[in-house]
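Engineer: Let me begin by handing over the structure; questions about it come next.
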Amino acid sequence: MSDWEADSDEDGPHGASTKPPPTLPAWRPAAAPPPPRARGNPDAGEDREESGGGKNWGSRPASAREPWQSRPLEYRARGSSRGEDRERAPLCFPLDNALVGTLIGRGGTKIKELEESSGCKIQVVKGNCEAMIKIFGGNDKQTKAKMLIDDLIERSSQGNAGERYTKDSFKHPDVGTICYHDSSFGGLKSGYSSPKQSINWASLRENKAKYEAMKWADLPPIEKQFYRESPKIASMSQEEADKWRKENNNITCNDLKDGEKRHIPNPICKFEDAFEYYCDVMENIRKVGFQKPTPIQSQAWPIILQGYDLIGIAQTGTGKTLAYLMPGFIHLDLQPIPREKRSGPGMLVLTPTRELALQVEAECSKYSYKGFKSICIYGGGDRHGQISLVNKGVDIVIATPGRLNDLQMNNYINLRSITYLVLDEADRMLDMGFEPQIMKILLDVRPDRQTVMTSATWPDGVRRLAKSYLKDPMIVYVGTLDLAAVSTVEQKIVIIPEEEKRAFTRYFIDTMKSEDKVIIFVGKKLTADDLSSDFGLQGIPVQSLHGNREQCDREQALEDFKKGRVRILIATDLASRGLDVQDITHVFNFDFPRNIEEYVHRVGRTGRAGRTGEAVTLVTRNDWRIASELIDILERGNQVIPEELISMAERYKQFQLKKEMERDLGRPRGRSRKGF
Ligand code: ADP
Ligand code: MG
């Protein structure tokens, strides 16, 4: 099976836990009468008393799993677990304007048909040359809709779609009239010759290719090969290289180029193996005192320095930033067009959040290679200031897609000279809905650039993005491809009623030691504000981090937390990925995250750089949908699994089965099944 496809994890469960129950003191609720019995869902068999109401969190080792739990664990894109097809972020992809008419059909008939067949909502967003197609719905349905669309486009481009589109049929209120010619590019042919004739797809494609070629014709080829393999690394046999990879966090690599596979460079063992000829890089590494490359670095560096595109999949905190920055510096320095003659920056790093952008920028400046100037462009920051910095001339831009797209559309930044592109934390960028902006940005970046993409996970959306924007990449995974929370973190689950969460959190804070540092994750910005003012009033110093806070307050909050001026940070998932604060001892999930991937990222905020950490997660009855996925993660980390969580997962499974049966029988569903 190709690496482009979703594949299954064949590792299976990592064995049952024999650990004793976690050591966090048992939570005792206030001696108030028990809260009123929540209205349970009889279908789910949920019963508050039976559930223990959060009074204790007994545990059962993984070996006591039910038969349904013992099936092989499989890698799943989010929302596709156990047959459920959960709503997820829209699946977005670009479509040539000339093809939009085919998709929509006369009077919108085709798109309606597609929506009915797939069960998805399909939206077409107007663009200058290309439209953005967004498919809303569950994972499986989105995939089905995409396949139907691909099939339709393919058939119509072969001229046998069974329909002939006239010029008029391309007029659609949402997308405007399609026209594919530009007199400034002599030699381009019109896509259709008369209103009644069918579209000449071959000619449209030819035009597009010509236009692309002309757009970049004045630029010299990009220099990409900067690797001189050391004799020691070159002499490694295949077996030695494989053994080394296995022993270093199970590095696996693959060449995703179609056809004949290329040799995957041997991993390097020491910094000198990659940078012996680049003294400035070596000097910087010596200055910070790193001992040896991290596993992702040792495999990524020889691949990138050889000029290949790369997809790097590794957990957070594994050194991905330097994995792409170091070769990027060398690449930038040795381009045929010298820095001072470039019309704009040479390296672009796209990141999902401002915090991450600032962090990458800090690493860039820390290593200050040959005086390269780097700037950070992000929404919420001073736009004028950012524009004036761009105007002064920069080498490296680290940006969030929204703001960069804004500057690009307004011609404040020229992206033509970018030869090295990084899509950092690609999974997160997709989750945050940045695909349209990325698509627009990349229209202005030369297609023969070198591209590196990092991600902590490898779901379908990231595969699609990689396929669209990387050219014959190699892929490096560190660890297994399935979700796994960092092994250095002890994960404790507390089953608790919603109304007792605050009191438990206070109890948790009271039991913190003076050297502990915790991020408390909440689901909503409002909860973050609410909790932090509550604790503030109780005299507990906290900081909060969420999207509604002013940028300067967010930076201050992070700074206070990093420096240890406060030891409690209350945050939304804005802080769940990428942020590098080394001495966080605890992650406390006040609200369970939106999905299991986010859980893994949150947990990864602690246990960093070889330290151990602890994650405490509050789970309420309303979180029953995730119980089974959470069990999988706990099993893989060899953690204790509370009995309650297991029965929650079973009840949810029963509920789902019943729902399916009802659907099959065509019976209308009675009352709402939300929650229990
Ligand atoms: P990721 O992007 O994979 O989440 P980062 O690039 O933020 O991880 O790196 C996490 C931390 O590890 C940073 O503080 C970074 O300076 C440090 N680091 C990077 N490379 C090494 C190395 N070779 N040895 C030790 N620490 C490293
Ligand atoms: Mg990172």
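The values are calculated or read from the model by the stated rules, or taken from the named source; none is laboratory data. What you see is a predicted model, and the numbers here were worked out from it, not measured in a lab. In this analysis, Cβ positions are derived from the backbone assuming ideal geometry, glycine residues included, and neighbour counts consider all displayed protein chains. Ligands, DNA and RNA are excluded from the accessible area calculation, which covers all protein heavy atoms including side chains. Shrake-Rupley method; radii C 1.70, N 1.55, O 1.52, S 1.80 Å.
Engineer: Could you put D510, D242 in order of accessible surface area, largest first, with the 1.4 Å probe and the full protein assembly present?
Structural biologist: Highest to lowest solvent-accessible surface, that is D510, D242.
Engineer: For an R0 of 60 angstrom, estimate the FRET efficiency from the Cβ-Cβ distance between E240 and L443 and round to the nearest 0.05.
Structural biologist: Given R0 = 60 Å and the Cβ-Cβ separation, E is 0.85.
Engineer: Next up: Normalised by the number of residues in segment 209-362, what is the relative contact order in percent for Cα pairs under 8 Å and 6+ residues apart?
Structural biologist: Relative contact order, segment 209-362: 25 percent.
Engineer: A further question on this structure: If you stretched the chain out fully between A209 and Y507, how much longer would it get, using 0.36 nm times the residue separation minus the C-alpha to C-alpha distance?
Structural biologist: So the extension gain works out to 100.9 nm.
Engineer: With viscosity set to 1.306 mPa s at 10 °C, what whole-number translational diffusion coefficient in µm²/s follows for segment 412-474 from Stokes-Einstein and a Kirkwood radius over Cα pairs?
Structural biologist: 131 µm²/s
Engineer: With unit charges on the beta carbon (Lys/Arg positive, Asp/Glu negative), name the residue among Q335, S365, V397 whose Cα is farthest towards the positive pole of the charge dipole of segment 332-399.
Structural biologist: My answer, from the dipole projection, is Q335.
Engineer: So, one more: With θ taken as phi - 60° and the coefficients 6.51, -1.76 and 1.60, list the Karplus ³J(HN,Hα) couplings across segment 559-572 in order, rounded to whole Hz; mark glycine and proline as x.
Structural biologist: Computed from phi, the couplings for segment 559-572 are 4, 4, 6, 4, 6, x, 5, 10, 10, 10, 10, 9, 9, 8 Hz.
Engineer: Moving on to the next point. Go through 271-277, 314-320 and give me the packing order, highest mean Cβ count within 10 Å leading.
Structural biologist: Top of the packing list down: 314-320, 271-277.
Engineer: If you don't mind, there's one more thing I want to ask. R0 = 22 Å: FRET efficiency of K366 with Y412, Cβ-based, nearest 0.05?
Structural biologist: 0.20
Engineer: Name the residues whose placed amide hydrogens come within less than 5 Å of the amide hydrogen of E130, ignoring near sequence neighbours (fewer than 5 apart) on the same chain.
Structural biologist: Long-range HN contacts for E130: N97.
Engineer: Let me ask you something else. Alpha carbon centre of segment 375-426 versus segment 255-305: separation in Å?
Structural biologist: Distance between centres, Cα-based: 28 Å.
Engineer: Can I ask one more? Provide the gained length on full extension for the span L219 to C279, in nm with one decimal, where the gain is 0.36 nm per separating residue minus the Cα-Cα distance.
Structural biologist: 18.7 nm
Engineer: Once amide H atoms are built 1.01 Å from N in the peptide plane, which residues 5 or more positions from N589, or in another chain, come under 5 Å H to H?
Structural biologist: Long-range HN contacts for N589: F521, V616, T617, L618.
Engineer: Got a sec to turn the phi values of segment 332-341 into Karplus ³J(HN,Hα) couplings, 6.51 cos²θ - 1.76 cosθ + 1.60 with θ = phi - 60°, whole Hz, x for Gly and Pro?
Structural biologist: Rounded to whole hertz, the list is 5, 5, 10, 6, x, 8, x, 3, 5, 9.
Engineer: Which shape class applies to segment 362-429: rounded if a/c is under 1.5, otherwise prolate when a/b exceeds b/c and oblate if not, where a ≥ b ≥ c are the square roots of the Cα gyration tensor eigenvalues?
Structural biologist: rounded
Engineer: Let's see if you can work this out: charge +1 on each Lys and Arg Cβ, -1 on each Asp and Glu Cβ, no other charges. What is the dipole magnitude of segment 283-434 about its Cα centre, in debye to the nearest 20?
Structural biologist: It comes to approximately 440 debye.
Engineer: Between the DSSP loop rule and a limit of at most 12 other Cβ atoms within 10 Å, which GluC sites (Glu not before Pro) in segment 544-640 are left?
Structural biologist: In loop regions of segment 544-640 (DSSP not H, G, I, E or B), the sparsely surrounded GluC sites (Glu not before Pro) are E550.
Engineer: List every residue whose amide H lies under 5 Å from the amide H of I377, counting only residues 5 or more places away in sequence or on a different chain, with H placed 1.01 Å from N in the peptide plane.
Structural biologist: For I377, whose amide H was placed from the backbone, the distant partners under 5 Å are I398, A399, T400.
Engineer: As a test question: what accessible area, to the nearest 10 Å², does M409 have when a 1.4 Å probe is rolled over all protein chains in place?
Structural biologist: Result for M409: roughly 110 Å² accessible.
Engineer: Whole Å is fine, so just give me how far the alpha carbon centre of segment 496-529 lies from that of segment 444-460.
Structural biologist: When both Cα centres are located, 37 Å separates them.
Engineer: Place the peptides 367-379, 324-336 in order of packing, highest mean first, counting for every residue the other Cβ atoms within 10 Å and averaging per peptide.
Structural biologist: Going by the mean number of other Cβ atoms within 10 Å, highest first, we get 324-336, 367-379.
Engineer: Based on the alpha-carbon set only, what is the convex hull volume of segment 222-355 divided per residue, in Å³?
Structural biologist: Expressed per residue, the convex hull around the Cα atoms of segment 222-355 is 153 Å³.
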